[in-house]
Amino acid sequence: MSFTYPFPRPALTTDAVVICGAEILLIERKKDPYQGKWALPGGFVDEYEAVKDACVRELEEETSLSCLPEDALFVGIFGKEGRDPRGWTVSVVYLFAVGKEQKGKVAPGSDSVAVRWFPLSQLPDLAFDHKEIIAEALTRKYI
């Protein structure tokens with residue numbers, strides 16, 4: 001038996017805030033929307049995929065950085081209107097604190113042209129609502 005809800009459904013995404021000391025890892029987007037802009041690594045959650053697993057997968061696909069789901073610290077859920085020009089998109093965001101030995105292991109991947117560590121005090125112009133997400137992550141006591 002098939003059952004459907006008469007309610008709109010958002011696309012589910014996940015983003016990773018990766019911090020090493022006073023620096024944050026960002027990707028330069030390969031595709032629209034915001035092609036050429038800097039953003040947090042992230043992307044769409046596959047059907048029935050655990051959100052933490054999706055975050056780890058997207059982080060590795062876009063930056064070559066391997067992290068474990070158990071190292072993901074929950075930051076928040078972001079879904080305000082207009083955050084993504086493709087439509088209603090809700091992102092579950094996790095924070096990863098990595099050591100200096102992992103800094104040199106990053107490389108561009110599937111949806112990124114470049115990967116770069118930026119000082120938290122000198123962020124570039126960011127895609128989506130990623131400036132707000134980073135600000136929220138930085139308020140967490142676990143950083």
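The values are calculated or read from the model by the stated rules, or taken from the named source; none is laboratory data. The model shown is predicted, which means the values in this text are computed figures rather than measured ones. FYI the Cβ positions are ideal-geometry reconstructions off the backbone, even for glycines, and counts take in every protein chain you see.
Number of residues in the range 1-19 that are surrounded by fewer than 17 Cβ atoms within 10 Å (Cβ to Cβ), more than 21 Å from residue 88 (Cα to Cα) and either touching a residue at least 24 places away in the same chain (Cβ under 8 Å) or of a type outside the set (A, V, I, L, M, F, W, C) (or both): the value is 1.
Scanning the range 45-95 for residues that are buried (at least 17 other Cβ atoms within 10 Å of the Cβ), more than 12 Å from the chain's Cα centre (by Cα) and of a type in the set (Asp, Glu) yields one hit, 84. Take the residues in the range 17-70 that are among the acidic types (Asp, Glu) and out of contact with any helix residue (DSSP H, G or I) (no Cβ under 9 Å at 6 or more places or on another chain); name whichever of them is farthest from residue 119 (Cα to Cα). Ranking the qualifying residues of the range 17-70, first place goes to 47.
When residue 44 is tested against (1) touching a strand residue (DSSP E or B) at 6+ places or on another chain (Cβ under 8 Å); (2) modelled with pLDDT under 95; (3) of a type in the set (Phe, Trp, Tyr), exactly one condition is not met: (2).
Which residue is surrounded by the fewest Cβ atoms within 10 Å (Cβ to Cβ), if the candidates are limited to the range 28-44 and must be aromatic (Phe, Trp, Tyr) and more than 18 Å from residue 82 (Cβ to Cβ)? Going through the qualifying residues, I end up with 44. Of all residues in the range 43-77, those being closer than 26 Å to residue 100 by Cα, outside any helix (DSSP H, G or I) and out of contact with any Asp or Glu (no Cβ under 7 Å at 6 or more places or on another chain) number 7.
The residue that is surrounded by the fewest Cβ atoms within 10 Å (Cβ to Cβ), counting only those in the range 104-128 that are touching a Phe, Trp or Tyr at 6+ places or on another chain (Cβ under 6 Å) and not in a strand (DSSP E or B), is 124.
Cβ-Cβ distances below 9 Å connect the following pairs, each with a first residue in the range 41-53 that is without any contact (Cβ under 8 Å) to a residue 24 or more places away in the chain, a second residue that is of a type outside the set (Asp, Glu) and surrounded by 19 or more Cβ atoms within 10 Å (Cβ to Cβ), and a separation of six or more residues or different chains: 46/54; 53/45. Is it true that some residue in the range 112-120 is without any contact (Cβ under 8 Å) to a residue 60 or more places away in the chain and out of contact with any Cys (no Cβ under 6 Å at 6 or more places or on another chain)? No; the residues of the range 112-120 include none that is without any contact (Cβ under 8 Å) to a residue 60 or more places away in the chain and out of contact with any Cys (no Cβ under 6 Å at 6 or more places or on another chain).
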